[in-house]
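No value in this document is a laboratory result; all are computed from the given coordinates. Model, not experiment: these values are computed from the prediction. No Cβ is skipped: glycine too gets one built from the backbone with ideal geometry, and neighbour counts run over all protein chains shown.
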Amino acid sequence: MIYNKVNLIIIKLNGGVQMSNLKDKFESTKDKVLGKTKENVGKATGSEETELNGKVQSQKGELKEKFGEVKEKISKKINDAMDGNKEEK
């Protein structure tokens, strides 16, 4: 977890936040699509376990998406605050 935070800070300092956001969006979409697919395969085959695993993966994708949105809003507020501090000097 510490590595991820350090990595995010390095990405931020290097101006690569867009790439991080793109990766997050891809990962969340991938989880949602694969989850729905597994869920439907589970329903079609009568496998309760596969259906449940699909539902869990789909929800994981939804949570990742919401987390990404919150992270983006927080980043914007911090950037705006830091830009405001630069203008005051």
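So here's what we get for this one:
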item	result
Extreme residue, surrounded by the most Cβ atoms within 10 Å (Cβ to Cβ), among residues of region 59-80 that are farther than 14 Å from K32 by Cβ and basic (K, R)	K71
Enumeration of residues in region 22-57 that are within 28 Å of K71 (Cα to Cα) and buried (at least 17 other Cβ atoms within 10 Å of the Cβ)	D24, S28, D31, K32, G35, N53, G54, Q57
Tabulated pairs, region 47-62, first in contact (Cβ under 8 Å) with a residue 12 or more places away in the chain, second of a type in the set (K, R) and surrounded by 14 or more Cβ atoms within 10 Å (Cβ to Cβ), C-beta under 6 angstrom, 6+ apart or interchain	T50/K38; N53/K38; G54/K38; S58/K32; S58/K36; G61/K32
Answer from E65, E72 - the residue that is out of contact with any helix residue (DSSP H, G or I) (no Cβ under 6 Å at 6 or more places or on another chain) and assigned to a helix (DSSP H, G or I)	E72
Residue in region 47-54 that is outside any helix (DSSP H, G or I), more than 20 Å from D24 (Cα to Cα) and among the hydroxyl-bearing types (S, T, Y) present	yes
